[in-house]
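J.: I have a structure here, written as structure tokens, and I will follow up with some questions on it.
The values are calculated or read from the model by the stated rules, or taken from the named source; none is laboratory data. Predicted, not measured: the structure shown is a model, and the values here were computed from it. As a convention, Cβ positions derive from the backbone with ideal geometry for all residues, glycine included, and neighbour counts pool all protein chains shown.
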Amino acid sequence: MAQFESNEVTSGSEIREVFNSYDSVGDEKIHVKQIGEVLRTLDLNPTEEDIKKYMGFYNNPDNLDTRISYEDFICCYQIARKDYKPLSIDEIVEGLSHFDKEGNGMINVAELRHILTTLGERLTDNEVDKLIDGNADSNGNLYIAEFVKQILELDIGY
């Protein structure tokens, strides 16, 4: 999973290895649509807005199959690395605590689902199901701090 508070810099060989793993054609390039996925695999967390910006550097409106070289990707990586602002567990818990109506450190699963599928970087219902699975109590609530710690430990497959 992404390391939210890591200050480690990924080595050039690691970046190249990850980049090459996304080259399905063998031309030492990736599709511009893969930029976000590759960055996330490298433990960065660009927003969808960021990814659209990076794609815009290379997307040719006349060519929907634009592929970019490793050197071009490195420009995106450097910008994403510079813009990377890791969130602490406490910041995430604090953000979700605004939805703790009872003040008991818990949030209703239905409300959490609504938040995650309608606000900001929206998740799909399937993605939310995977996050919530097994975390709710018999009343349909979950402890915010435990939930945040658990999801930060997940391997989400980027």
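J.: Given the conditions (1) at pLDDT below 95; (2) more than 19 Å from the chain's Cα centre (by Cα), report the number of the one that Lys85 does not fulfil.
T.: Failing condition for Lys85: (2).
J.: Among the residues of the range 138-146, is any outside the structural domain of Ser21 (by TED's automatic domain parsing), in contact with a helix residue (DSSP H, G or I) (Cβ under 9 Å, 6 or more places away or on another chain) and assigned to a strand (DSSP E or B)?
T.: yes
J.: Quick check on the range 52-74. Is at least one of its residues closer than 24 Å to Leu152 by Cα, free of Cβ contacts under 8 Å to residues at least 12 places away in the same chain and not assigned by TED's automatic domain parsing to the domain that holds Gly120?
T.: Within the range 52-74 (the criterion being closer than 24 Å to Leu152 by Cα, free of Cβ contacts under 8 Å to residues at least 12 places away in the same chain and not assigned by TED's automatic domain parsing to the domain that holds Gly120), the answer is no, since none of the residues qualifies.
J.: Please determine, by comparing only the residues of the range 5-44 that are part of a loop (DSSP other than H, G, I, E, B) and at pLDDT below 85, which one is nearest to Arg122 (Cα to Cα).
T.: Glu5
J.: Kindly evaluate Asp43 against the criterion of being touching a Ser or Thr at 6+ places or on another chain (Cβ under 9 Å) and under 30 Å from Thr10 (Cα atoms).
T.: For Asp43, the condition - touching a Ser or Thr at 6+ places or on another chain (Cβ under 9 Å) and under 30 Å from Thr10 (Cα atoms) - is met.
J.: Against the definition (under 19 Å from the mean Cα position of the chain (by Cα), part of a helix (DSSP H, G or I), under 29 Å from Ala145 (Cα atoms) and among the acidic types (Asp, Glu)), how does Glu91 come out, yes or no?
T.: Answer is yes for this residue.
J.: Right, another one. Can you pull out every residue in the range 113-136 that is part of a helix (DSSP H, G or I) and either among the polar types (S, T, N, Q) or in the same structural domain as Thr47 (by TED's automatic domain parsing) (or both)?
T.: Thr117, Thr118, Asn126
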